[in-house]
Amino acid sequence: MALRPEDPSGGFQHGNVVAFINEKMARHIKGPEFYLENITLSWAEVEDKLRAILENSALTSEAKEACAWGSLALGLRYARRQGQLHTCRVQWLQDFTNLHKSALQTLASNMNELTAKHEMERREAAYQLQLTLAKLAEVQQEKELLRWKLLQAEMASSWQRQQVSQEPGLATTSVFGANGAGEEKTRRRLLLLLLLLTAAVEEGGKQKDAEGV
């Protein structure tokens with residue numbers, strides 16, 4: 001018996017169909033031989049061999065008919081094998097698609113994490129820059145304040161020196177006349193004006209500091 005009912009790769013589902021085809025192939029010895037010899041071939045190769053048998057005038061009609069039934073069984077077996085291969089290909093494509101989808105999801109998750117990390121680093125850098133600029137402005141303000149204090153100290157020292165130098169100057173005034181006295185008064189007024197301006201600037205800086213706090 002060429003066909004076996006328990007063989008799932010044969011493509012047949014019913015035992016009576018298998019028995020009928022076996023009976024048709026068994027009417028001539030060429031039928032089972034044709035089936036077993038070509039069981040691994042493709043349908044195109046089986047068809048070519050069947051055509052050669054049908055065109056062979058030396059063979060009887062019973063042999064040709066038995067080979068035709070064998071080719072029918074081989075065709076169904078080949079279709080079954082191709083269906084199994086197609087199922088395997090579909091399963092492989094599904095697995096590959098799932099793997100590709102999983103890889104894309106992982107990549108998207110990594111990209112989101114990297115973007116969030118970069119955003120945090122950017123905000124931290126911006127915050128540090130603001131702190132640095134604020135400290136720089138504070139240092140600049142302190143520098144200006146110290147400069148004004150230094151100028152004030154220099155002006156006060158100059159004023160004191162001028163006062164000391166003018167103590168015995170009454171006689172000098174009488175000697176040099178009214179012009180010398182007028183110039184001296186002008187210098188004193190200028191020094192006093194500079195001291196007042198320095199004090200005003202310093203007071204304005206303190207008020208700005210108080211408003212900033």
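Between H118 and L146, residue separation times 0.36 nm minus the direct Cα-Cα distance comes to 5.9 nm. Shown in residue order for region 118-128 are the 3J(HN,Hα) couplings computed by the Karplus curve 6.51 cos²θ - 1.76 cosθ + 1.60 at θ = phi - 60°: 5, 5, 5, 5, 5, 5, 5, 5, 5, 5, 5 Hz (x for Gly and Pro). Semi-axes of the equivalent ellipsoid of region 1-86 are 21, 16, 8 Å, computed as sqrt(5λ) over the eigenvalues of the C-alpha gyration tensor in descending order.
Estimated from the Cβ-Cβ distance and a Förster radius of 41 angstrom, the FRET efficiency linking S165 and L133 is about 0.30. Counting 0.36 nm for each residue step from Q84 to S157 and taking away their Cα separation leaves a gain of 15.5 nm. Taking the square roots of five times each eigenvalue of the Cα gyration tensor of region 1-153, the equivalent ellipsoid has semi-axes of 92, 15, 7 Å, listed largest first.
Using R₀ = 41 Å, calculate the FRET efficiency as 1/(1 + (r/R₀)^6) where r is the Cβ-Cβ separation of K101 and E45; round to 0.05.
About 0.55, to the nearest 0.05.
Each reported figure results from applying straightforward, stated rules to the coordinates on display, with no laboratory input. Predicted model, so just to flag it, every value in this text is computed and none were measured. A quick note on method: Cβ atoms are made from the backbone with ideal geometry, for glycine too, and the neighbour counts reach across all protein chains shown.
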